[in-house]
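Down below is the structure, laid out as structure tokens.
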Amino acid sequence: MFDSHIIVVDLGFGDAGKGATVDWLCSADAGLDVAAVVRFNGGAQAAHNVIAEGRHHTFAQFGSGTLAGVPTLLSRHMLVEPIALAGESRQLAVLGVPDPLSLLRIDGRALLTTPIHIAANRAREDARGSSRHGSCGRGIGETAAYALDHDAPRVADCLRPKVLRDKLRALAAHYGSLVATSAHGYEPIDDLVDMYREFAAAVAIVGGDQLARFARRGRLVFEGAQGVLLDEWRGFHPHTTWSTVEPRNAHALLAEIGTTAEVLGVTRTYMTRHGAGPFPTEDHAVDVSEPHNTTGRYQGAFRLGHLDLLLLRYTITVAGGIDGLAVTHLDAPGIRYAATKYGTDNGTVDHLEPGTWQDLDHQQRMTDLLTTAYPILTEMPDDVIPWLAQALDTPVVLTANGPTRAHRTATEACAAAA
């Protein structure tokens, strides 16, 4: 692959190495002439760790090609949080990125995540107590949910202070009782409007033609956030995100400009999950250092487990198939086993039925199954790459045995495909 536009998706619960993969694709090492990184889901909750040329940055809203000087387009499917975005821009400037905001284009139709959404999100998750869903506490679910039935604030509204003020007042009234009974608050509405006016003056707010402009200049890399197993329609409720993680939206954006892309699925050699939810192969004996993944106040603990072929096959199916695999963390010590089946009270399971799109009852049944299932493990061979490619019926086109660009290698399968 790598001879067309590329969509990068995480085949797990997140944290598989999407950011570092996108950074490599955008670097001179890959030689792919990338014109832009396009974000097609999620928002400020993303945490894509990139280590390149002695610099480390956790990308949230900027695309992970920024350290390579590649522009970012935040598409209309993004949830944009301007205050966090300004903070991320300052962090990138400290790392030596000149004028980071000049590398950014934001579709004016994108939803705006505000401190009001964030306060409501944290209040709601606090109220769940021990039944927390595993929220990041960044207001993502509230932003998406409010927009379903209301005239929600959008990025373009930052150019129209009166419109924005009215929308923020309506938003504050909607969440008034929830936030009032919590320990969370937010700035006065007029102060928020002033901040968003400054934001609008500092960034390029664009229309729907920007994607085509970038595509005329070269290759597009679509950077997904989170993992397909957290997808709002394909994940395992209620422990999901309010975001379409599988590449449906990326494909739709490309169709609008009359082109297509190959899908690159990213997986570790073991499974991880940040926070609550079913995790059949979780095993506290899997001991891998995770300096950039720690316990979060709202997410909860960072959990580790064995590779899970059932979940990977499920993800590939609901993603509509993938064209190649990027396998990361090959340097992780002591990783030996993979789940090939589950044991349950009703017998052995070797396949997870995807169900139909938007069938939440099916997803709840899947949650119940995964909560009670236990893994039947197989020892992986020393040469795990051809074994994994065969097990998932997908060529491995990129490998990583460490965190930096230098640790990434395009495989012979990639060269043959090109």
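Just so you know, all these numbers are worked out from the coordinates, no wet-lab data involved. Predicted model, so just to flag it, every value in this text is computed and none were measured. All Cβ positions, glycine included, derive from the backbone under ideal geometry; neighbour counts span all protein chains shown.
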Seminar exercise, completed: Given backbone amide H placed at 1.01 Å from N, residues whose amide H is under 5 Å from that of Ser182, ignoring those fewer than 5 places away on the same chain, are none
Problem set entry | For the chain, built as a Gaussian network whose Cα springs stay under 10 Å, the top-fluctuating residue of Gly275, Gly208, Gly258 | Gly258
For this session: Return a whole-number percent for the relative contact order of the chain, with Cα pairs under 8 Å and 6 or more residues apart as the contact set.
Result: 21 percent
Exercise. Check Leu79: other-chain or 5+ apart residues with amide H under 5 Å from its amide H, H built from backbone geometry?
Worked result: Gly42, Gly43
Exercise. For region 331-348, in order, what is each residue's ³J(HN,Hα) by Karplus, 6.51 cos²θ - 1.76 cosθ + 1.60 with θ = phi - 60°, in whole Hz (x at glycine and Pro)?
Worked result: 8, 5, x, x, 8, 10, 10, 9, 7, 10, 8, 10, x, 9, 5, 9, x, 8
Exercise. So what is the relative contact order for region 113-204, in percent, with contacts set as C-alpha pairs under 8 Å and at least six apart?
Worked result: 36 percent
Exercise. On alpha-carbon atoms, Rg over Rh for the chain using Kirkwood Rh?
Worked result: 0.96
For this session: May I ask you to list the aspartates and glutamates whose Cα is less than 12 Å away from that of Lys162, ignoring any residue fewer than eight positions away on the same chain?
Result: Asp190, Asp194
Seminar exercise, completed: Going residue by residue through region 204-220, the Karplus relation 6.51 cos²θ - 1.76 cosθ + 1.60 with θ = phi - 60° gives ³J(HN,Hα) values, rounded to whole Hz and with x marking Gly or Pro, of 8, 9, 10, x, x, 8, 5, 4, 5, 4, 5, 5, 5, 8, x, 6, 10
Exercise. Rg and Dmax of region 41-125, Cα atoms, in Å?
Worked result: 13.3, 41
For this session: Could you please state, rounded to a whole Å, how far the C-alpha centre of region 228-259 is from the C-alpha centre of region 70-126?
Result: 20 Å
For this session: Just add up the charged neighbours of Pro354: K/R +1, D/E -1, any other residue whose Cβ is under 13 Å from the Cβ of Pro354.
Result: -1
Problem set entry | Residues with amide H under 5 Å from that of Gly324, placed H, sequence gap 5 or more | Val263, Gly265
Exercise. With springs only between Cα atoms under 10 Å, which of Pro153, Pro333, Pro280 fluctuates most in a Gaussian network model of the chain?
Worked result: Pro333
Seminar exercise, completed: Summing +1 per Lys or Arg and -1 per Asp or Glu among the other residues with Cβ less than 11 Å from Ala406's Cβ gives 0
Exercise. How big is region 113-204 by Rg and Dmax over its Cα atoms, in Å?
Worked result: 13.6, 43
Problem set entry | Calculated from backbone phi, Karplus (6.51, -1.76, 1.60) coupling profile of region 38-44 in Hz, x at Gly/Pro | 10, 8, 10, 6, x, x, 6
Exercise. Could you state the number of Å between the C-alpha centres of region 266-286 and region 1-56?
Worked result: 21 Å
